[in-house]
1. Can you sort LYS50, LYS59, LYS155, LYS166 by 1.4 Å-probe accessible area, starting with the largest?
2. Show the residues, 5+ positions off or on another chain, whose built amide H is closer than 5 Å to the amide H of VAL42.
3. Round to a whole number: what % of the accessible area of the range 33-82 belongs to carbon and sulfur, probe 1.4 Å?
4. Within the accessible area of the range 90-136, what % is carbon and sulfur when the probe is 1.4 Å and the other protein chains stay in place?
5. Note down the net charge around TYR141, summing +1 for each Lys or Arg and -1 for each Asp or Glu among other residues with Cβ under 15 Å from its Cβ.
Amino acid sequence: MKKTLIMTLVITMMIPFAAQAQKASEVRKLFDNWNNYEVSTVQVGQDGTKLLKVWGFGKKVDKAIIQAKKNAVHACIFRGIPGNSATMETPAICKDPNALENNLDYFYDFFETGSTYIQFVNLTTDGMPSGQDRREVKGGYKVAIYVQVMYDNLKNRLEADGIVRKLSTGF
């Protein structure tokens, strides 16, 4: 009886740690996809939008397309968007290099497939990528899509959620 009680107590105490470790590994898996991706500015879109060409990687083409959409939003938030001969470089919305780590739960929920990030994406290419925009690589596919990101709306949302400080708040 005493051994059973002790074992039950030990197992009960370990459950939260196992769940937390599982979520941490899911977060790492989600964020590892951002170590290396390509993004380029195609043109400045309508007011408050950016038209980008973004690459994504996935085991299947549809998963790579989903990742490319996430990459487009991620670039706007954390990396900034490179300029070209027709457009200027756009700085990252989050200037704080620790913003991701400081708001891990927020961004984990934000970037879950089909979650908040998709509200700021207008896919401007139809169908499956082909030709040079669809490459079979080791472990899956690398695809490029053209994405219109609702940049100003994204920035306003991050300000409203307290992730980014508004310029009007001062220094």
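1. On the way: LYS50 40, LYS59 165, LYS155 65, LYS166 100 Å².
Ranked from most to least accessible, the order is LYS59, LYS166, LYS155, LYS50.
2. LEU51, LEU52, LYS53
3. For the range 33-82, the apolar C and S fraction of the accessible surface comes to 44 percent.
4. Details: 1290 of 2880 Å².
That share works out to 45 percent.
5. Numbers: positive: LYS59, LYS60, LYS63, LYS69, ARG134, ARG135, LYS138, LYS142; negative: GLU38, ASP62, ASP133, GLU136.
Result for the local shell: +4.
The values are calculated or read from the model by the stated rules, or taken from the named source; none is laboratory data. What you see is a predicted model, and the numbers here were worked out from it, not measured in a lab. Cβ sites come from the backbone with ideal geometry, for glycine too, and all protein chains shown count toward neighbours. Accessible surface areas use protein heavy atoms only, side chains included; no ligands, DNA or RNA. Shrake-Rupley method; radii C 1.70, N 1.55, O 1.52, S 1.80 Å.
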